[in-house]
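The values are calculated or read from the model by the stated rules, or taken from the named source; none is laboratory data. Computed from a predicted structure; not experimentally measured. Quick reminder, even Gly has a Cβ in these numbers, built from the backbone with ideal geometry, and neighbours come from all protein chains shown.
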């Protein structure tokens with residue numbers, strides 16, 4: 001049976017939805033399975049049906065019907081997060097009448113499911129006695145054995161005179177910033193007397209409220225003037241451009257939405273110039289009570305080509321109308337498709353929750369598995385413990401820079417960027433980034449000469465001259481980075497966001513070379529599926545390995561799985577299972593499987609297996625009933641690059657799967673390649689993997 005956590009908000013705007021996301025993420029990072037349950041939605045109880053239970057005095061029937069629907073959830077996962085009902089429902093809601101019964105309902109629900117209550121509350125002023133009283137009142141309806149603790153959220157949020165969270169992208173004139181620390185909360189008598197456990201506090205973070213330009217425009221019912229702009233840009237602030245251009249320059253920053261009249265050609269030109277210089281404004285909104293002039297359209301087309309999102313009102317609303325509308329917008333809710341913002345919320349909140357106290361509530365042992373969340377959590381923790389120095393040759397590339405800053409700030413690795421120092425600082429400024437003072441940037445032009453003689457010596461068999469060595473070290477940053485690895489100045493290298501796989505791997509093969517006993521360099525991708533992490537190899541390096549090479553790839557991949565806490569069960573993939581097919585490709589897979597069994601009898605391996613037989617238990621039992629791997633493989637080895645790369649991309653794109661890699665295997669020191677379509681998260685995790693490998 002599961003451990004049931006009931007999340008009960010005590011105040012409006014506490015962020016209970018975000019808390020559920022954060023707790024779920026934190027538990028999954030620790031290897032637990034988690035599911036959500038809403039007592040009404042998941043029980044198919046409509047407002048009308050709910051009212052009938054009370055009118056007919058059938059409250060116990062209500063609880064029984066909810067329990068019938070709840071029971072299957074208890075066997076689905078280790079933890080069930082149950083959404084408690086808030087006590088002050090809107091008077092305009094269909095459930096307004098239910099506000100008088102909510103306290104009874106929450107307490108009865110907790111008893112029925114043997115739930116563990118987590119109260120979620122927030123300060124409404126700097127008066128902490130008021131907050132303490134609020135928590136005390138919330139606990140009155142519950143027996144102490146059912147109370148797990150309380151989370152205090154949104155410390156130091158901007159509030160209005162009524163204690164409601166109120167903030168604006170336009171101005172903060174009506175906002176009062178609270179000044180409360182975690183330590184002050186922890187010293188409240190209700191917590192120090194152990195009447196209730198403090199499970200954590202969260203700090204107000206305005207970054208978690210920044211909408212995309214598309215979200216704001218959708219709320220205002222405004223459409224793009226010209227298609228093609230980057231509508232995912234986030235709004236950090238809004239500038240109402242009624243001033244002269246001289247007074248506007250300070251507002252031309254990354255994340256600023258400029259609102260101006262359609263006839264302000266000077267403002268439009270300034271936005272165009274800012275965009276051309278790499279300053280990623282959030283967007284440009286043109287207002288007027290007349291149509292867009294043709295001259296203005298010319299500038300707008302040029303801006304759209306630079307990805308600047310440009311909007312214009314089509315119903316001739318004036319600027320003042322937009323100002324009034326924006327001040328009433330709810331920026332706290334997050335659209336379900338804003339995955340970047342949801343991920344930020346999950347990460348921020350999961351770091352603030354005392355998961356140990358929640359884990360202790362499990363009344364039985366559960367079998368942990370390597371879920372994607374658990375894998376990523378383990379990976380980051382291992383990298384932080386290793387604390388290695390990693391060189392990033394593509395320091396002038398925006399995604400690489402952002403990932404490096406994140407890794408430096410979170411202690412995942414000490415990142416060394418290669419590139420022009422001024423260009424990198426300009427790139428950071430244009431993207432609204434701050435480079436940590438302890439992150440090293442090296443200009444290849446300044447240091448290349450120091451490696452010339454050594455590179456000539458290493459490549460003397462190929463006839464390399466000093467002039468050639470200097471040229472390659474200054475023109476190809478991967479060679480310079482690889483020389484730094486060779487000399488032990490850094491522990492590993494990550495590249496490929498702009499360069500080809502060959503450009504990343506070639507210097508490593510020439511300088512770092514393969515490990516003793518390795519006949520080749522191969523690669524794996526970590527495929528983070530919905531419920532587990534698999535390894536796919538080789539999907540990036542070897543076009544058509546023979547049986548011996550395929551066996552080496554399997555051995556390398558199994559060892560990599562072990563290194564990252566994944567139990568290796570290796571499936572040698574083919575178009576047939578067992579002896580059902582014939583042909584050169586099938587025979588190669590059979591031979592490779594036999595070689596692995598001889599070389600490494602400790603590795604659990606089987607093949608040939610079709611992909612579905614390797615992955616799906618029911619199919620594996622039918623097609624390969626005696627296989628130790630079929631239906632539960634964790635490592636898939638493909639017979640050639642064509643099959644491997646096609647499968648990895650198909651799974652990645654069709655299932656929206658995070659794939660980390662390719663991780664290179666068989667080198668003396670870790671050098672890892674990135675896909676040129678890599679996201680910032682992909683790069684972060686590849687840096688972490690490289691740190692762990694070293």
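Kindly evaluate residue 368 against the criterion of being buried (at least 17 other Cβ atoms within 10 Å of the Cβ) and either at negative phi or modelled with pLDDT of 85 or more (or both).
For residue 368, the condition - buried (at least 17 other Cβ atoms within 10 Å of the Cβ) and either at negative phi or modelled with pLDDT of 85 or more (or both) - is not met.
Residue 304 versus (1) over 17 Å from residue 216 (Cβ atoms); (2) at pLDDT below 80; (3) surrounded by fewer than 16 Cβ atoms within 10 Å (Cβ to Cβ): which is the lone unmet condition?
That leaves (3) as the condition not met.
Restricting attention to the range 494-542, which residues are at positive phi and more than 28 Å from the chain's Cα centre (by Cα)?
Step one: of the range 494-542, the residues at positive phi are 496, 513, 517.
Hits for the range 494-542 are 513, 517.
Given the options 131, 95, name the one that is assigned by TED's automatic domain parsing to the domain that holds residue 58 and over 26 Å from residue 35 (Cβ atoms). I'd like the intermediate steps shown before the answer.
Working: 95 fails: over 26 Å from residue 35 (Cβ atoms).
Among 131, 95, only 131 is assigned by TED's automatic domain parsing to the domain that holds residue 58 and over 26 Å from residue 35 (Cβ atoms).
Among what's in the range 448-473 and is buried (at least 16 other Cβ atoms within 10 Å of the Cβ) and touching a residue at least 24 places away in the same chain (Cβ under 8 Å), pick the residue that is nearest to residue 496 (Cα to Cα).
From the range 448-473, those buried (at least 16 other Cβ atoms within 10 Å of the Cβ) are 448, 451-452, 455-456, 458-459, 464, 469-470, 472-473; that's our starting set.
With touching a residue at least 24 places away in the same chain (Cβ under 8 Å) added as a condition, the list becomes 448, 451, 455, 458-459, 473.
Numbers: 448: 21, 451: 22, 455: 22, 458: 24, 459: 23, 473: 17 Å.
Out of the qualifying residues, it is 473.
State yes or no: is residue 630 more than 20 Å from residue 542 (Cβ to Cβ) and either without any contact (Cβ under 8 Å) to a residue 12 or more places away in the chain or crowded, with 17+ Cβ neighbours inside 10 Å (or both)?
Numbers: more than 20 Å from residue 542 (Cβ to Cβ): yes; either without any contact (Cβ under 8 Å) to a residue 12 or more places away in the chain or crowded, with 17+ Cβ neighbours inside 10 Å (or both): yes.
So residue 630 passes the test.
Of all residues in the range 649-694, how many are without any contact (Cβ under 8 Å) to a residue 12 or more places away in the chain and in a helix (DSSP H, G or I)? Even if it seems obvious, please write down each step before you answer.
As a first pass, look at the range 649-694 and keep what is without any contact (Cβ under 8 Å) to a residue 12 or more places away in the chain: 649-650, 653-654, 656, 677.
Among the residues that remain, those that are also in a helix (DSSP H, G or I) are: 649-650, 653-654.
Looking only at that region, the number is 4.
Any residue in the range 55-64 that is in contact with a strand residue (DSSP E or B) (Cβ under 8 Å, 6 or more places away or on another chain), farther than 30 Å from residue 156 by Cβ and not assigned by TED's automatic domain parsing to the domain that holds residue 381?
No; the residues of the range 55-64 include none that is in contact with a strand residue (DSSP E or B) (Cβ under 8 Å, 6 or more places away or on another chain), farther than 30 Å from residue 156 by Cβ and not assigned by TED's automatic domain parsing to the domain that holds residue 381.
Please report, ordered by residue number, the strands (runs of 3 or more DSSP E) entirely within the range 491-541 with at least 2 residues that are over 16 Å from residue 693 (Cα atoms) and either out of contact with any strand residue (DSSP E or B) (no Cβ under 7 Å at 6 or more places or on another chain) or touching a residue at least 60 places away in the same chain (Cβ under 8 Å) (or both).
Output list reads 522-528, 533-537.
Here's a check for you: in the range 403-428, which residue that is over 17 Å from residue 690 (Cβ atoms) and touching a residue at least 40 places away in the same chain (Cβ under 8 Å) is surrounded by the fewest Cβ atoms within 10 Å (Cβ to Cβ)? Before the answer, list the steps.
Pass one, the range 403-428, residues over 17 Å from residue 690 (Cβ atoms): 409, 419-428.
Going one step further and asking which of them are touching a residue at least 40 places away in the same chain (Cβ under 8 Å), we end up with 419, 426-427.
Details: 419: 21, 426: 15, 427: 21.
Once the filter is applied, the top-ranked residue is 426.
Condition test on residue 607, is it over 20 Å from residue 545 (Cβ atoms), assigned by TED's automatic domain parsing to the domain that holds residue 550 and not in a loop (DSSP other than H, G, I, E, B)?
The answer is no for residue 607.
Of everything in the range 213-233, what is closer than 24 Å to residue 347 by Cβ, in contact with a strand residue (DSSP E or B) (Cβ under 6 Å, 6 or more places away or on another chain) and not in a loop (DSSP other than H, G, I, E, B)? Give them in sequence order.
213
Which of the residues spanning the range 470-490 are outside any helix (DSSP H, G or I) and in contact with a strand residue (DSSP E or B) (Cβ under 6 Å, 6 or more places away or on another chain)?
Listed by number, the list holds a single entry, 490.
Please specify each residue of the range 479-491 satisfying the condition of being surrounded by 24 or more Cβ atoms within 10 Å (Cβ to Cβ) and within 16 Å of residue 687 (Cα to Cα).
Scanning the range 479-491 gives 481, 482, 485, 490.
Give the residues of the range 393-402 that are touching a residue at least 60 places away in the same chain (Cβ under 8 Å) and either in a helix (DSSP H, G or I) or over 22 Å from residue 489 (Cβ atoms) (or both), sorted by residue number.
Across the range 393-402, the qualifying residues are 399, 400, 402.
Yes or no: the range 422-437 includes at least one residue that is part of a helix (DSSP H, G or I), in contact with a helix residue (DSSP H, G or I) (Cβ under 8 Å, 6 or more places away or on another chain) and closer than 30 Å to residue 79 by Cα.
The answer is no, given that none of the residues of the range 422-437 is part of a helix (DSSP H, G or I), in contact with a helix residue (DSSP H, G or I) (Cβ under 8 Å, 6 or more places away or on another chain) and closer than 30 Å to residue 79 by Cα.
Taking the range 192-203, which residues are outside any strand (DSSP E or B) and either buried (at least 20 other Cβ atoms within 10 Å of the Cβ) or at positive phi (or both)?
Those that are outside any strand (DSSP E or B) and either buried (at least 20 other Cβ atoms within 10 Å of the Cβ) or at positive phi (or both): 194, 196.
Determine if the range 429-451 includes at least one residue that is in the same structural domain as residue 508 (by TED's automatic domain parsing), more than 22 Å from residue 491 (Cβ to Cβ), in contact with a strand residue (DSSP E or B) (Cβ under 6 Å, 6 or more places away or on another chain) and modelled with pLDDT of 90 or more.
Scanning the range 429-451 turns up no residue that is in the same structural domain as residue 508 (by TED's automatic domain parsing), more than 22 Å from residue 491 (Cβ to Cβ), in contact with a strand residue (DSSP E or B) (Cβ under 6 Å, 6 or more places away or on another chain) and modelled with pLDDT of 90 or more.
Just the residues that are over 28 Å from the mean Cα position of the chain (by Cα) and modelled with pLDDT of 90 or more, please, taken from the range 557-586.
Those that are over 28 Å from the mean Cα position of the chain (by Cα) and modelled with pLDDT of 90 or more: 570, 571, 572, 573, 574.
Of 661, 666, 644, which residue is surrounded by 24 or more Cβ atoms within 10 Å (Cβ to Cβ) and in contact with a helix residue (DSSP H, G or I) (Cβ under 9 Å, 6 or more places away or on another chain)?
Exactly one of 661, 666, 644 is surrounded by 24 or more Cβ atoms within 10 Å (Cβ to Cβ) and in contact with a helix residue (DSSP H, G or I) (Cβ under 9 Å, 6 or more places away or on another chain), namely 661.
Step by step: first the residues of the range 259-269, then only those that are in contact with a strand residue (DSSP E or B) (Cβ under 7 Å, 6 or more places away or on another chain) and within 11 Å of residue 287 (Cβ to Cβ), then the one that is modelled with the lowest pLDDT. Which residue is that?
Across the range 259-269, the extreme among qualifying residues is 262.
Out of all the residues in the range 102-121, is one or more at pLDDT below 85, buried (at least 19 other Cβ atoms within 10 Å of the Cβ) and either assigned by TED's automatic domain parsing to the domain that holds residue 530 or within 25 Å of residue 353 (Cβ to Cβ) (or both)?
Among the residues of the range 102-121, at least one is at pLDDT below 85, buried (at least 19 other Cβ atoms within 10 Å of the Cβ) and either assigned by TED's automatic domain parsing to the domain that holds residue 530 or within 25 Å of residue 353 (Cβ to Cβ) (or both), which makes the answer yes.
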